[in-house]
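The values are calculated or read from the model by the stated rules, or taken from the named source; none is laboratory data. It should be emphasised that the depicted structure is a prediction, and the values quoted were computed from it without experimental measurement. Here Cβ is always computed from backbone atoms with ideal geometry, including for glycine, and neighbour counts include all displayed protein chains. For accessibility, only protein heavy atoms count, side chains too; no ligands or nucleic acids. Shrake-Rupley method; radii C 1.70, N 1.55, O 1.52, S 1.80 Å.
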Amino acid sequence: MKQKKSTHVRKSRYTSKTARPEHLQYTNAQRTGTQKCRRKRRFRLKPQVKIGGIIILALLIVSVGYHTFFTDKKTGTEKAQEALSKNAKETDNLVEMEEVKEIAFEPHCVDSTKPENLISYTNIEVDGNQLENVADYQADGDIEFNIGEDYTKVNGIVTFRGNSFRDNPTYGYANMSEYRLNGAWSADTGSLASGDTVWTGSGWTGQPLMMKWPKEVKAHMNMTEEAKADDDLVEVIYACMDGNVYFLNLKTGEKTRDPLYLGYTFKGAGALDPRGYPIMYVGAGYNSDEGTARVFVINLLDCSVMYTFGNNDEFSLRGSLSFFDGSALVDTETDTLIYPGENGILYLIKLNTSYDKENGTLSINPGKIVKWRYYGTRSSDESFWLGMEDSVAVYKGYAFMADNGGNLMCLNLNTLQLVWVQDVLDDSNSTPVLEIENGHLYLYVSTSFRLGWRSNDSATIPIWKIDAETGEIIWHTDYECYTDDGVSGGVQSTIACGKNSFSDYIYVTVSKTSDNASGVLVCLKKSDGSKAWEDSSSYAWSSPVCIYNKDGSGKVLYCNSTGDVRLLDGKTGKLEDTLSISDGVIEASPAVYNNYAVVGTRDCKIWGIEIK
């Protein structure tokens with residue numbers, strides 16, 4: 001059956017390798033039978049900003065008449081000069097008004113979150129060789145991510161939901177006063193056929209990336225001369241389901257360079273290198289006439305493909321399925337690409353990147369290639385499948401990811417040992433969002449409703465707040481949802497955590513609530529999960545976005561399945577404005593740069609929307 005451009009489709013071609021490998025690799029507790037869940041002391045607290053130093057520095061600045069100074073956890077003259085020279089760049093990129101410091105963090109399981117409760121075994125492969133004992137794995141260098149807002153300092157949006165906490169798909173401030181949505185421009189996309197399926201436009205999760213490239217970087221890019229000469233240019237980089245990556249001017253929608261045709265359907269957002277290097281990492285979400293789906297590493301100087309991986313991976317326990325809907329992260333200290341796959345493998349690839357900005361030369365030479373896989377206690381050909389369709393969130397050396405098999409996992413990236421696993425009931429496509437509250441790390445996540453696993457009619461869909469240290473459930477708020485085969489109800493989106501004036505709330509789009517066509521955007525209180533307000537419309541797979549003015553006030557924007565973009569007051573739920581941009585479905589999630597939102601539709605358009 002042909003895929004209509006105005007409807008969703010999510011197919012699974014699960015072909016599991018049912019026989020277990022010769023060497024089964026278990027979690028620590030399973031391997032020894034004596035080790036208990038306990039606190040791990042691998043974390044390192046980096047130098048903190050001292051309160052006294054801040055006070056002295058503030059007095060010094062006032063005394064000499066500086067009118068703006070921003071500092072984060074780094075200190076010293078060099079950092080101060082960098083902040084001042086960049087003027088408003090860092091301050092415009094701030095969304096959290098109050099300072100968020102690093103926290104003490106010692107992940108460990110409790111009885112209810114022991115990995116062996118839900119995971120039968122894990123395996124590790126290093127450079128093509130499977131380790132006989134997973135405890136033998138040694139990382140070349142410790143992966144130590146900081147808080148989310150420190151993931152990148154570039155002028156742009158470089159990964160799905162912005163950073164390693166997956167909590168901010170915006171850059172800068174909107175400076176809204178009228179609270180109106182204006183369709184500023186649109187650009188055409190297309191379709192791609194694969195077998196009896198036709199993929200159109202932009203799909204789930206489909207968030208655009210955006211970058212204001214420095215002039216010296218643009219000089220070596222295959223951009224138009226007009227784009228190179230525009231010092232204010234913000235480039236929209238959008239991988240779409242028609243097999244193209246599009247390059248557009250944020251303010252006008254005009255092409256900054258020709259589309260890059262790769263020939264595969266791209267459902268996920270892709271990612272840019274957080275160091276500002278002109279590299280894009282993007283995974284195909286479906287096979288095509290070109291071959292089996294895979295991940296592409298692209299040189300954005302000339303749009304050449306530097307490296308591919310993931311297709312027909314023999315290490316996968318899911319057969320030939322090799323789809324990649326998640327969005328990558330890069331650990332800059334170790335030059336490591338972190339990429340989850342629906343094939344059930346988490347890839348850690350040493351890139352060995354070489355970039356000369358002045359001469360415009362760029363290369364990678366992938367070295368140590370590490371693969372981690374798992375097998376669940378409920379995994380089968382029929383239900384609770386292996387594989388990750390979401391994007392990984394990371395703090396310190398710990399990755400948090402949900403999977404197709406109802407498992408929410410905390411994995412130590414430096415030992416590749418599972419720390420805890422929580423049962424999230426169903427096929428989860430919601431990316432975990434990390435949030436520091438009162439010096440403690442929490443996680444917000446939900447799940448979709450896969451027809452036939454738990455019910456053939458309706459099922460409970462919880463929205464969870466979870467202790468990121470132990471995996472324990474703090475609270476859950478439940479919705480009864482319906483579903484269609486291939487068009488899931490429940491929560492397909494990623495939760496938006498409010499900041500600034502919305503710091504007490506989270507925002508979630510829940511699909512197919514009262515029937516298969518309806519849904520809600522719900523605002524819940526972070527403290528106890530109680531409902532603050534609800535906005536009812538057609539259902540949404542698109543993730544909501546919180547947009548802020550410089551004074552911390554803001555609005556919430558989301559897109560739904562009847563082609564509407566809705567702007568609401570984040571505290572009251574009052575509908576400020578609605579803009580209809582599609583006759584069909586909007587599956588993709590918007591990103592917002594200052595006062596421009598960009599989102600693609602299934603009816604083959606990319607829209608630039610001015611938020612007034």
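Matching residues to (1) surrounded by fewer than 23 Cβ atoms within 10 Å (Cβ to Cβ); (2) in contact with a strand residue (DSSP E or B) (Cβ under 6 Å, 6 or more places away or on another chain); (3) hydroxyl-bearing (S, T, Y):
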position: L260; (1), (2), (3): yes, yes, no
position: K267; (1), (2), (3): no, no, no
position: R275; (1), (2), (3): yes, no, no
position: M306; (1), (2), (3): yes, yes, no
position: L321; (1), (2), (3): no, no, no
position: E333; (1), (2), (3): yes, no, no
position: Y339; (1), (2), (3): no, yes, yes
position: E342; (1), (2), (3): no, no, no
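Just give me the residues in region 162-182 being of a type outside the set (S, T, Y) and in contact with a Phe, Trp or Tyr (Cβ under 6 Å, 6 or more places away or on another chain), in sequence order. The answer is N163, and nothing else. Considering the conditions (1) in a loop (DSSP other than H, G, I, E, B); (2) open to solvent by 30 Å² or more (accessible area, probe 1.4 Å); (3) more than 30 Å from D381 (Cβ to Cβ), E314 is excluded by exactly one of them, (3). Residues in region 194-209 include none that are over 30 Å from G263 (Cβ atoms) and surrounded by fewer than 24 Cβ atoms within 10 Å (Cβ to Cβ). So which pairs qualify, if the first residue must be in region 102-118 and under 24 Å from G439 (Cα atoms), the second must be of a type in the set (V, I, T) and part of a loop (DSSP other than H, G, I, E, B), the Cβ gap must be under 8 Å, and the two must be at least 6 apart or on different chains? So the pair list comes out as E102/I147; P107/T470; H108/T470; C109/T470; V110/T470; T113/T470.
Please find, within region 480-510, the residue that is most open to solvent (accessible area, probe 1.4 Å) out of those that are farther than 25 Å from K555 by Cβ and either among the small types (G, A, S) or not in a strand (DSSP E or B) (or both). Among them, the one singled out is D485.
Of the residues in region 518-538, not one is closer than 27 Å to A399 by Cβ, touching an Asp or Glu at 6+ places or on another chain (Cβ under 9 Å) and of a type in the set (A, V, I, L, M, F, W, C). When region 232-281 is filtered for residues that are over 20 Å from E610 (Cα atoms) and among the acidic types (D, E), the ones remaining, listed by number, are D242, D258, D273. Reported count of residues in region 127-149, each being more than 30 Å from Y442 (Cα to Cα) and without any contact (Cβ under 8 Å) to a residue 24 or more places away in the chain, is 2.
Just one of the listed residues (K512, K555, K526) is under 25 Å from I474 (Cβ atoms) and out of contact with any Lys or Arg (no Cβ under 6 Å at 6 or more places or on another chain), namely K526.
Looking at region 423-433, is at least one residue more than 28 Å from L131 (Cβ to Cβ) and surrounded by fewer than 24 Cβ atoms within 10 Å (Cβ to Cβ)? There is at least one residue in region 423-433 that is more than 28 Å from L131 (Cβ to Cβ) and surrounded by fewer than 24 Cβ atoms within 10 Å (Cβ to Cβ).
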